[in-house]
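Report on one structure; see the data block that follows.
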Amino acid sequence: MQTLQKLSLPSMGCGTWAWGNQLLWGYDESMDEQLQAVFNLCVSNGVTLFDTGDSYGTGRLNGRSELLLGRFNREYVGSGKDNICIATKLAAYPWRWTRQSMVRACQSSAQRLGKNVDLVQMHWSTANYAPWQDEGLLDGLADLYEQRLVKGVGLSNYGPKRLQRVQKKFAERGVPITTLQVQYSLLSTYPVTQLKLKELCDELDIKLIAYSPLALGILTGKYSEQGPLPKGIRGLLFKQILSGMRRGVRAASHREAASAGKSLLECLREVARFRNKTMSQVAINWCICKGTIPIPGAKSVEQAKENLGALGWQLDAGEIAELDKAAANTDKKMVQNIFQTK
């Protein structure tokens, strides 16, 4: 089988979970013009990877993120248009269990986008609760590549054991895995430090995508225990985690003495001040320095500009070590995705 042209991915992408999500992110349709401006700004600055999912959107707005991306892509006429890569994740709904159900799901996504999906991803593995369902869905994912309906395939929330199994299964069909997406940030180092997924991905020539690189906003430094906190579920989660981030870092060497006694947020703030960057930009740049492709979200042009400020420079080895130490000594961390496998 003739292989498809390999996707070219930028060093940072844009997550679009919030585009259509009312429950967690407070989306309403009056935001669409601003979101179009976010899309245009990102593409014109080389951020050409947009990550979405066919489940993104609340209630009647299910699929809204894909619809918006399709419209923005059609209307965009600036530089970088040829490099736009729309990556969608197909949900492992209980009623999807055959290979054909995945093909149909991707075709529905393509209809909303008004074009073929560039990179199709399995949103999560069913291995933790219905392992029998995984096989048919994975077969369908490989079918999409073989039928040239997508340029590449990826996985999301898969651990090393499952990843190796899928890689072997796909290799037998000549289907390469382009990306693996996991929750990764200074507050969620588990996939790399404990599961060792970066090492495995490097070995298998798979790009590691870091979703929630700002830990839903905690690492922006805009929130504290004293408030105000976001409404709803995010606010409750922030209150729990922020209360556990007060513990300082014990210095293990003279090099780390500068950050001794500082919490992760304080360490981030110190590095940001020294670099004349924001805490968000430092947290995103840390993900890039770790060899991942972070996909921070943006609901406004201001947020998109801030994200773009993470590009074009790099933290040095000492700063990375200080942030690593502060992250390791943080009592409270982000809850891992319940679908993340081992």
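First check a/c for region 4-107, with a ≥ b ≥ c the square roots of the eigenvalues of its C-alpha gyration tensor; if it is under 1.5, answer rounded, and if not, answer prolate when a/b is larger than b/c or oblate otherwise. Oblate is the answer for region 4-107, as a/c is 1.5 or above yet b/c matches or exceeds a/b.
Share of carbon and sulfur in the accessible area of region 65-196 stands at 51%, probe radius 1.4 Å. Set the Förster radius R0 to 35 Å, insert the Cβ-Cβ distance between residue 77 and residue 22 as r into 1/(1 + (r/R0)^6), and round the FRET efficiency to 0.05. That gives a FRET efficiency of 0.70.
Once the Cα-Cα distance is subtracted from the 0.36 nm per residue extended length, the residue 328 to residue 202 segment shows a gain of 43.1 nm.
So what does log10 I(q)/I(0) come out to for the chain at q = 0.08, 0.09, 0.10, 0.13 Å⁻¹, using the Debye formula with one equal point on every Cα and no solvent? Cα-only, vacuum Debye calculation for the chain: -0.37, -0.47, -0.59, -1.01. Of all lysines in the structure, those lying under 26 Å Cα to Cα from residue 262, and not within fewer than 8 positions of it along the same chain, are 222, 239, 277, 290, 325, 332, 333.
Placing unit charges on the Cβ atoms only, positive for Lys and Arg and negative for Asp and Glu, gives region 48-148 a dipole magnitude near 440 debye about its Cα centre.
In this calculation the C-beta distance from residue 339 to residue 302 is compared with R0 = 25 Å, giving a FRET efficiency of 0.20. Going down the list 168/207; 299/342; 161/196; 169/207, which pairs span over 21 Å between their C-alpha atoms? Violating the 21 Å limit, Cα to Cα: 299/342.
DSSP beta bridges fully contained in the chain are about 5 percent antiparallel. Given R0 = 35 Å, the distance between the Cβ atoms of residue 173 and residue 276 translates into a calculated FRET efficiency of 0.10.
Size of region 63-112: Rg and Dmax of its alpha carbons, in Å, are 13.3, 41.
Remark: spin-label model distance residue 130-residue 108 equals 1.4 nm, labels positioned 7 Å along the Cα→Cβ axis.
Summarising the label geometry, the points placed 7 Å from Cα in the beta-carbon direction at residue 100 and residue 320 lie 4.9 nm from one another. Under 5 Å from the amide H of residue 53 lie the amide H atoms of 66, 89, each residue being 5 or more positions distant or on a separate chain, with H modelled from the backbone and absent for Pro and chain starts.
If the chain between residue 44 and residue 115 were fully stretched, how many nm would it gain, using 0.36 nm times the residue separation less the Cα-Cα distance? It would help to have the intermediate numbers written out before the result.
Details: separation 71, 0.36 × 71 = 25.56 nm, distance 2.03 nm.
Length gained, residue 44 through residue 115: 23.5 nm.
Put simply, the amide H of residue 85, placed in the peptide plane, has neighbours under 5 Å in 49, 50, leaving out anything fewer than 5 places away on its chain.
Shape of region 124-236 from its Cα gyration tensor (a ≥ b ≥ c, root eigenvalues): rounded if a/c is under 1.5, otherwise prolate when a/b > b/c, or oblate? Cα axes put region 124-236 in the prolate bin.
The values are calculated or read from the model by the stated rules, or taken from the named source; none is laboratory data. Just so you know, these numbers come straight off a predicted model, no measurement behind them. Cβ: placed from backbone, ideal geometry, glycine included. Neighbour counts: every protein chain shown. Side chains are part of the model used for accessible areas, which takes the heavy atoms of the whole protein and leaves out ligands, DNA and RNA. Shrake-Rupley method; radii C 1.70, N 1.55, O 1.52, S 1.80 Å.
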